[in-house]
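Structure, as structure tokens:
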Amino acid sequence: MRNFACRAATLALAATALAAPLSGTAQAAPATLYAPSALVFTVGHGETAAQTVPERAVTLNCAPKPSGTHPDPASACAELRRVDGDFAALESESGVLCTREYDPVVVTVDGVWQGERVSYERVFANECVKNSSVASVFAF
């Protein structure tokens with residue numbers, strides 16, 4: 001009888017020890033999960049990113065909330081969400097007058113957008129053309 005009681009107590013303790021972490025894990029899990037969105041932007045003068053030394057760089061995190069060293073992370077994240085992270089869909093403002101001077105500016109974007117790897121490069125004819133973008137994404 002004593003052997004039976006000892007085994008029952010051991011089984012009860014083992015069951016409690018095994019069940020406790022399972023119930024604790026369920027409580028510790030975050031209420032909402034999100035796909036990461038963290039990007040690094042660079043800008044430099046040149047015709048390709050491979051031949052250009054970055055002059056400035058900023059970070060942009062859009063999940064769980066806008067942050068980073070980008071001058072306006074909230075607007076930049078909102079614009080990227082509007083185009084589903086398609087940088088090519090960000091348009092320039094019409095009616096902005098820029099010189100026809102060719103002094104190419106390269107913008108690169110590398111990182112993760114909603115869990116997907118992103119690598120983007122765009123060449124603007126000059127700084128004015130880059131800044132004429134209606135998107136605040138490239139305004140850094």
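General observations
For every residue, the table says whether it meets (1) open to solvent by 50 Å² or more (accessible area, probe 1.4 Å); (2) modelled with pLDDT of 50 or more; (3) out of contact with any Gly (no Cβ under 6 Å at 6 or more places or on another chain).
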{"site": "Arg7", "(1), (2), (3)": "yes, no, yes"}
{"site": "Ala17", "(1), (2), (3)": "yes, no, yes"}
{"site": "Gly24", "(1), (2), (3)": "no, no, yes"}
{"site": "Val40", "(1), (2), (3)": "yes, yes, no"}
{"site": "Leu60", "(1), (2), (3)": "no, yes, no"}
{"site": "Pro64", "(1), (2), (3)": "yes, yes, yes"}
{"site": "Pro71", "(1), (2), (3)": "yes, yes, yes"}
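- Scanning segment 87-100 for residues that are closer than 17 Å to Thr42 by Cα and surrounded by fewer than 12 Cβ atoms within 10 Å (Cβ to Cβ) yields a single hit, Ala88.
- Any chance Val112 is open to solvent by less than 70 Å² (accessible area, probe 1.4 Å) and of a type in the set (A, V, I, L, M): yes
- Scanning segment 125-139 turns up no residue that is touching a Gly at 6+ places or on another chain (Cβ under 6 Å) and open to solvent by less than 40 Å² (accessible area, probe 1.4 Å).
The values are calculated or read from the model by the stated rules, or taken from the named source; none is laboratory data. Fair warning: this is a prediction, and the values are worked out from it, not measured in the lab. In this analysis, Cβ positions are derived from the backbone assuming ideal geometry, glycine residues included, and neighbour counts consider all displayed protein chains. Please note that ligands, DNA and RNA were not included when accessible areas were found on the heavy atoms of the full protein model with its side chains. Shrake-Rupley method; radii C 1.70, N 1.55, O 1.52, S 1.80 Å.
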